[in-house]
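Engineer: Dumping the structure here so I can ask a few things about it.
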Amino acid sequence: MSLTGNTMNYSSDNDPAIQEFNTSKLLKNARKQAEDRNYKDFFICDVDSHHYETEALPEILQYMDDPVMRHLGLSAGNVGRAGLIPQAIGSQDMAGRVTRYAGRNKEIVPEEPHRDITLARRWMDAMGTDMACLFPTPMLLLATHPQVEVEVAMARAYNRWLSERILEEDNRLVSMVYLPMNEPHEAEKMIDEFAEKKGVVGFLSTGYLKRPVHDSANMRIYAKLEEHGMPLGFHAAYHWADTSLAQLNKFISVHALGFSFCNIIHMTNWVMNGMPERFPKLKTMWIESGLAWVPFLMQRLDNEYMMRTSDAPLLKKKPSDYMREMYYSTQPMELVDNREALEVTFKMINAESQLLYSSDYPHWDMDLPSTIYDLPFLDEKAKRSILGGNAQKLFNLDPVMSEWKLEANAKG
Amino acid sequence: MPERLLCAVSDLSDKTAKICEVDGVEIGVIRHKGDIVAYKNVCPHQGGPVCEGLKMPQVCVELDDQQRALRQTFNEDELHFVCPWHGWEFKIATGEAVGDPKYKMKRYNVVERGGEVYVEV
């Protein structure tokens, strides 16, 4: 049998856009948008962006306390595949169509600073983003690892590496660092270790958890976050093994539903169990589920709550009243043919004060700042709040403007 | 309609769009089924360099006589530009988005003369 190759230009390896891959070149049109829209005049913060931490796994493992687990991760032929981080099924890059996945490994960077800093600065400078909250990628499913001790060890090693190698080195990068929610006493220790570190602006609960968010074992985590004045982010994920998604046969289906469904479950538990009443000072941000799920859930929960207030005795107002006080990241914003629905959504969530721009870059469904800036129903003040001002307040940021903006403003 | 020189006919291929710049605007030019077609290198979705992405054929599903899916195939009679930013696909023949034809790439009229390619701007 002869092997069949790609006879046409289907393969990203043959594509000239990939052969000399460079993030700045890929995003040249984004830079033009940034200049045309005068982003130099205001602060932009991206509250949900990513790097591929597994590409730095040998570095990260140097920060791991457990020598046996470190050896497992570094063992010959197994780097990145040794069972420390669950692998997700699904073609994020659409079989090579989204070229930055294949191109990333070919991108040339200087020896200093760290590769991840250079790559982040390239896309940030192209988009007009001044500061970015950086999250891992494969580790978003780390909470599904069957060995809780692996989740804890990986989380601690990653957080230490991130803090020392990335956040300490670059004033424009911050993070809400990984909380191993499946092991609450370790999560508490993680808060104590990292809450005061440079660039740490909050903590992150990821995707699929082994216990619901309202489980009593978690209460000390939330109390500790409240004490430190640190917001808690719920970063959604899809998990094809979730039995509620298992009948979906397409990646597009499980991705479209999974990311929203994940936060719908957590939010419903969070609100109906009265968590905002128990921890009134704890700020929460709901990340990467788009926005359309929020009006849906507000309407569903309000309607049932008014008939069944006895089911949710801790609530002192309607579920939507609590949800309107929480924070949401924008991406992936539902943009196609639904301008009126989007405007209603913005009103329902008090977007001007509660919505924070996010790109999710470099993932395939990333959103540019223009997705907010070009919305005709927002005035300039609202645009600037969503693109940066709200993040500045929530994270208590000291804004660091990008160098090209400072230079452009100096030139007048 | 004023014409602007893009490139020589010999510069073109049917595999990869040649990116030319006219008055600060990038235009992608490619041979397609014996014609030369030219589009603005800006995706109508979020502005990506749509002419620089992969060129992919339409994906189809073969059904049997009971409407059961048999397999997926490529239809190489219908080639698409794929925007490298998000994967939006556009028919190279018309510039229409595969998902909804009301989204279109901006197309330029092309004139081939004396071994050179011009666009009307």
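Engineer: Which condition number does B:S13 fail, the rest of (1) open to solvent by less than 50 Å² (accessible area, probe 1.4 Å); (2) over 30 Å from A:L368 (Cβ atoms); (3) not in a loop (DSSP other than H, G, I, E, B) being met?
Structural biologist: Going through (1) open to solvent by less than 50 Å² (accessible area, probe 1.4 Å); (2) over 30 Å from A:L368 (Cβ atoms); (3) not in a loop (DSSP other than H, G, I, E, B) one by one, B:S13 breaks only (3).
Engineer: Determine if segment A:56-76 includes at least one residue that is surrounded by fewer than 21 Cβ atoms within 10 Å (Cβ to Cβ), more than 14 Å from every other protein chain (Cβ to nearest Cβ) and in contact with a Ser or Thr (Cβ under 7 Å, 6 or more places away or on another chain).
Structural biologist: Looking for residues that are surrounded by fewer than 21 Cβ atoms within 10 Å (Cβ to Cβ), more than 14 Å from every other protein chain (Cβ to nearest Cβ) and in contact with a Ser or Thr (Cβ under 7 Å, 6 or more places away or on another chain), one finds none in segment A:56-76, hence no.
Engineer: Separate question: Restricting to segment A:281-296, give me the number of residues that are of a type outside the set (V, I, T) and in contact with a Pro (Cβ under 8 Å, 6 or more places away or on another chain).
Structural biologist: Total meeting the criteria: 5.
Engineer: Quick one: in segment A:126-149, which of the residues that are open to solvent by 10 Å² or more (accessible area, probe 1.4 Å) and under 19 Å from the mean Cα position of the chain (by Cα) is farthest from A:Q92 (Cα to Cα)?
Structural biologist: A:T144
Engineer: Suppose we filter segment A:335-382 for residues that are surrounded by 16 or more Cβ atoms within 10 Å (Cβ to Cβ) and β-branched (V, I, T); how many remain?
Structural biologist: 4
Engineer: For the condition surrounded by fewer than 19 Cβ atoms within 10 Å (Cβ to Cβ), among the hydrophobic types (A, V, I, L, M, F, W, C), under 29 Å from A:D170 (Cα atoms) and in contact (Cβ under 8 Å) with a residue 40 or more places away in the chain, what is the one hit in A:I85, A:I89, A:I108?
Structural biologist: Of the residues listed, the single one that is surrounded by fewer than 19 Cβ atoms within 10 Å (Cβ to Cβ), among the hydrophobic types (A, V, I, L, M, F, W, C), under 29 Å from A:D170 (Cα atoms) and in contact (Cβ under 8 Å) with a residue 40 or more places away in the chain is A:I108.
Engineer: OK, next. Which one is nearest to A:I108 (Cα to Cα), of the residues in segment A:22-41 that are within 10 Å of chain B (Cβ to nearest Cβ) and open to solvent by less than 70 Å² (accessible area, probe 1.4 Å)?
Structural biologist: A:L26
Engineer: Considering only residues that are open to solvent by less than 20 Å² (accessible area, probe 1.4 Å), aliphatic (A, V, I, L, M), closer than 26 Å to A:C133 by Cα and assigned to a helix (DSSP H, G or I), which ones fall in segment A:249-301?
Structural biologist: Matches in segment A:249-301: A:V254, A:M267, A:V271, A:M275, A:V294.
Engineer: Quick one: would you say B:V82 is among the β-branched types (V, I, T) and in contact with a Gly (Cβ under 7 Å, 6 or more places away or on another chain)?
Structural biologist: yes
Engineer: Here's a follow-up. Quick one: which helices (runs of 4 or more DSSP H) lie wholly within segment A:347-399 and hold at least 3 residues that are over 30 Å from B:V82 (Cβ atoms) and under 20 Å from the mean Cα position of the chain (by Cα)?
Structural biologist: Correct list: A:351-354, A:390-394.
Engineer: Go through segment A:151-247 and tell me which strands (runs of 3 or more DSSP E), entirely inside it, have 2 or more residues that are surrounded by fewer than 19 Cβ atoms within 10 Å (Cβ to Cβ). Walk me through it before giving the result.
Structural biologist: Working: elements: A:173-178, A:200-206, A:232-235.
Correct list: empty, since no element meets the threshold.
Engineer: Further question on the same structure: Give the number of residues within segment A:363-384 that are within 14 Å of chain B (Cβ to nearest Cβ) and not aliphatic (A, V, I, L, M).
Structural biologist: Step one: of segment A:363-384, the residues within 14 Å of chain B (Cβ to nearest Cβ) are A:363-375.
Still in the running and not aliphatic (A, V, I, L, M): A:363-365, A:367, A:369-371, A:373-374.
Adding up the residues that qualify gives 9.
Engineer: From the set of residues in segment B:87-121 that are within 14 Å of chain A (Cβ to nearest Cβ) and in a strand (DSSP E or B), which is surrounded by the most Cβ atoms within 10 Å (Cβ to Cβ)?
Structural biologist: B:F90
The values are calculated or read from the model by the stated rules, or taken from the named source; none is laboratory data. Fair warning: this is a prediction, and the values are worked out from it, not measured in the lab. Note: ideal-geometry Cβ built from the backbone for every residue, glycine included; neighbour counts use all protein chains shown. With ligands, DNA and RNA removed, areas are computed over all heavy atoms of the protein, side chains included. Shrake-Rupley method; radii C 1.70, N 1.55, O 1.52, S 1.80 Å.
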